[in-house]
1. If we scan the range 22-33, do we find a residue that is under 30 Å from S265 (Cα atoms), among the charged types (D, E, K, R) and at pLDDT 55 or above?
2. Restricting the search to the range 44-98, which residues are over 27 Å from E250 (Cβ atoms), in contact with a strand residue (DSSP E or B) (Cβ under 9 Å, 6 or more places away or on another chain) and outside any helix (DSSP H, G or I)?
3. Given the structure, is G166 under 16 Å from A184 (Cα atoms) and not in a helix (DSSP H, G or I)?
4. Of all residues in the range 225-249 being outside any helix (DSSP H, G or I) and hydrophobic (A, V, I, L, M, F, W, C), which is surrounded by the fewest Cβ atoms within 10 Å (Cβ to Cβ)?
5. Any idea how many residues of the range 62-102 are buried (at least 24 other Cβ atoms within 10 Å of the Cβ), of a type in the set (A, V, I, L, M) and touching a residue at least 40 places away in the same chain (Cβ under 8 Å)?
6. Are there any pairs, at least 6 apart or on different chains, whose C-beta atoms fall under 7 Å, with the first in the range 113-139 and surrounded by 17 or more Cβ atoms within 10 Å (Cβ to Cβ) and assigned to a helix (DSSP H, G or I) and the second of a type in the set (S, T, Y) and at pLDDT 95 or above, and if so, which?
Amino acid sequence: MLKRLAPAIAWIVLAIGTMAIAAPPPKDIILATTTSTQDSGLLDLLVPRFEKKTGYQVKTIAVGSGQAMAMGQKGEADVLLVHSPDAEKKFVTEAFGINRRLVMHNDFIVVGPPQDPAGIKVAKSAFEAFLKIAGNGSLFVSRGDNSGTHAQEKKLWKGAGQNPEGQKWYQQTGLGMGQTLGVAAEKKAYVLADRGTYLALKKGLGLAILCEGDAALLNVYHVIEVNPAKFPKVNAAGAKAFADFMVSKEAQDLITTFGVEKFGSPLFFPDAGKKDE
């Protein structure tokens, strides 16, 4: 009986092995990204194009850049699109990520009530603007979420020689950019925002741009693949396909024109192929 079953069992084992070898690669990609790419509407333009072009399906998780990299450090994402350069370099140096590539930039702006109680509109630098806010004790709303925006904000406070932690006029939301802008609007407070999200949500906020154009306000985005050598279960092929798409001519052309029709100027500026400097 066993002799008669042996060929059948061997065939089943062979078939299962063949099926395992021929199993198609996973088609879902987990993208961990900053809320600004989501809130601005940019991903609503880019992701469908990528999915149609490649057949991959993208599951987007929009959090702060710090949280996105924390996901990457646990192997819970396949690819990151973030804007916190110092933290990104550390992420790659510690071998959590590979192939960090420049995608685009926009800038940070300080917005607040048009009445400008701290008088930052006449400030000659972002550092001076932050110093004026602290000196005046005007309400400032921070994301406080370890995002790229929060990291940049902390740099600006440090550059201004100020530590706002614990001050009554300094409030942290722990929320994304869009929601934090809403809180600032409600409380008539100052807030550091990326220009793209601000312009996308500007209508109804009642907040004005009061400080802009300083080199210290540059906001740069990179795409990073999570390292498959450290996390074998990540979708390495899908991550590379998404990263390649983000720096492709097609995506870069879409970034160039995104926002022009609605706002009169682009919300982001393409940088693929350039040096970070």
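1. Applying the first criterion (under 30 Å from S265 (Cα atoms)) to the range 22-33 yields 31-33.
Those left that are additionally among the charged types (D, E, K, R): none.
No, there is no match, as no residue in the range 22-33 is under 30 Å from S265 (Cα atoms), among the charged types (D, E, K, R) and at pLDDT 55 or above.
2. Those that are over 27 Å from E250 (Cβ atoms), in contact with a strand residue (DSSP E or B) (Cβ under 9 Å, 6 or more places away or on another chain) and outside any helix (DSSP H, G or I): G64, G75, E76, F96.
3. Numbers: under 16 Å from A184 (Cα atoms): no; not in a helix (DSSP H, G or I): yes.
Here the answer is no, as G166 does not meet what is asked.
4. First, the residues of the range 225-249 that are outside any helix (DSSP H, G or I): 225-235, 247-248.
Add one more test, that the residue is hydrophobic (A, V, I, L, M, F, W, C), and what stays is 226, 229, 231, 234, 247.
Working: V226: 27, A229: 9, F231: 17, V234: 23, V247: 19.
Residue satisfying both the conditions and the ranking: A229.
5. Adding up the residues that qualify gives 5.
6. Taking only residues 6 or more apart or on different chains, the pairs are I133/Y190.
The values are calculated or read from the model by the stated rules, or taken from the named source; none is laboratory data. Keep in mind it's a predicted model, so treat the numbers as computed, not measured. Reconstructed Cβ throughout: ideal geometry from the backbone, glycine too, with neighbour counts over all protein chains shown.
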